[in-house]
């Protein structure tokens with residue numbers, strides 16, 4: 001069965017206190033490495049997967065990047081007919 005997986009490439013708010021920004025960016029780097037491993041696991045383990053990574057998205061990717069998510073979902077669903 002075809003699968004669409006959408007990952008958010010971690011986004012750090014520039015309006016945070018500087019010390020919080022530094023910690024968030026360090027955490028973001030660690031999280032990016034984990035996301036890359038998850039992407040590869042999906043690509044290698046799911047035969048009919050389409051993996052999308054949206055840069056600048058946050059955890060609520062469907063809100064932070066609504067237009068991108070809708071575009072990808074529509075394109076994916078259109079290919080299923």
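Bear in mind that the values in this text are calculations on the coordinates, not laboratory data. Predicted model, so just to flag it, every value in this text is computed and none were measured.
Worth pointing out:
- Cα gyration tensor shape of the range 36-81, rounded if a/c is under 1.5, else prolate or oblate by comparing a/b with b/c: oblate
- Helix-only [θ]222 nm of the chain, DSSP H runs n ≥ 4, -39500 (n - 2.57) each, per residue, nearest 500: -18000 deg cm²/dmol
- Nearest 10 degrees, 0 to 90: helix 18-45 Cα axis against the chain principal axis: 20
- Rg followed by Dmax, in Å, when the chain is reduced to its Cα trace: 14.8, 50
- Largest mean-square fluctuation among 51, 61, 20, in a Gaussian network model of the chain whose springs join Cα atoms under 10 Å apart, belongs to 20.
- Taking the C-alpha atoms only, the angle from helix 66-78 to the longest principal axis of the chain is near 20 degrees.
- Among 17, 60, 27: highest mean-square fluctuation, GNM of the chain, C-alpha pairs under 10 Å: 17
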